[in-house]
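Worksheet: one structure, shown below.
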Amino acid sequence: MKQISSTASLLLLSTVMLGMSSASFSDDDKSGFFSRILSSGKAPGVAPVTNPQYLEECGSCHFPYQPGLLPARSWTKVMAGLEEHFGENAELPLEDANRLTDYLIKNAADDANYKRSKKIMNSLRPDQIPLRVSETPYFIKKHNQLSRKMVQDNPKVGLISKCKACHTQAERGSFSEKEILIPGFGGWKD
Ligand code: HEC
Ligand code: HEC
């Protein structure tokens, strides 16, 4: 009898865990116990940039977006259009452009074992080739509670593409909620 009841409770427990795991996957990391277990083995943010040339060339006008924030197909497209890059000319000598494209593709979100890279990939249809991190469905969902006052009309932000304005550890590839400080508004609780 004892044997049976412990088997039954084990079954019950695993059913509960199964239910919770799907919930915490869709609800992302509210730092739930189960989601932490499930994401163990995967690093939490995106891989930080290690390439000095990338930091120099692609970090001079804006935050150097980590390769793990977009799929390889996006980086290929971004790098193929540098002479008309979001209204600016960011053209590079062919050799440099090729080297950076290589770096971006090798470290793109597709195969990265980082939680945010996986979330971004999973939010995209295979035929989608976003040119912006800020156009990926995962990003849009995560930022849809921000107001105009916090972003566009905020003199210290202005553009949602200025990751570092709010994510204090963005350069380390870390975007967790407790590290967010919106200029003029403070920390984030949702
Ligand atoms: C001459 C300045 C300049 C240089 C150099 C530059 N960019 Fe940009 N980049 C811009 C501007 C301007 C935007 C658009 C900003 C906005 O409106 O959000 C942008 C936006 C982007 C975005 C989209 C950001 C988002 O998610 O909304 C990506 C990705 C990007 N750049 C990648 C690169 C890469 C990779 C390099 C290096 C090869 C690079 N940029 C070099 C000016 C530059
Ligand atoms: C105006 C401030 C602001 C800017 C600019 C901004 N973010 Fe965020 N970001 C937030 C807020 C607020 C959240 C929501 C946190 C939550 O509710 O989990 C968030 C969430 C995220 C998350 C999910 C974190 C988590 O733990 O769920 C990622 C990843 C992220 N941002 C990346 C970026 C990147 C990359 C950029 C630049 C392309 C950027 N953000 C620009 C404020 C900002």
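Yes or no, residue by residue, for (1) within 9 Å of ligand 2 (Cβ to nearest atom); (2) modelled with pLDDT of 95 or more; (3) surrounded by 15 or more Cβ atoms within 10 Å (Cβ to Cβ); (4) under 16 Å from the mean Cα position of the chain (by Cα):
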| residue | (1), (2), (3), (4) |
| --- | --- |
| GLN145 | yes, yes, no, no |
| ASP153 | no, yes, no, no |
| ALA165 | yes, yes, yes, yes |
| GLY173 | no, yes, yes, yes |
| ILE182 | yes, yes, yes, no |
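Residues are listed down the side, and each one gets a yes or a no for (1) within 21 Å of LYS162 (Cα to Cα); (2) modelled with pLDDT of 95 or more; (3) not in a helix (DSSP H, G or I):
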| residue | (1), (2), (3) |
| --- | --- |
| GLU57 | yes, yes, no |
| SER60 | yes, yes, yes |
| THR76 | no, yes, no |
| ASN98 | no, yes, no |
| THR101 | no, yes, no |
| ARG116 | yes, yes, no |
| ILE120 | yes, yes, no |
Single condition SER26 does not satisfy, out of (1) at pLDDT 50 or above; (2) of a type outside the set (Lys, Arg); (3) within 16 Å of the chain's Cα centre (by Cα) | (1)
Every pair of residues 6+ apart whose Cβ atoms lie under 7 Å, when the first sits in region 79-92 and is free of Cβ contacts under 8 Å to residues at least 12 places away in the same chain while the second is not in a loop (DSSP other than H, G, I, E, B) = ASN89/GLU83; GLU91/LEU82; GLU91/GLU83
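The values are calculated or read from the model by the stated rules, or taken from the named source; none is laboratory data. In this text, all values refer to a predicted model and were calculated from it rather than measured experimentally. So basically every Cβ, Gly included, is an ideal-geometry build from the backbone, and we count neighbours across all protein chains shown.
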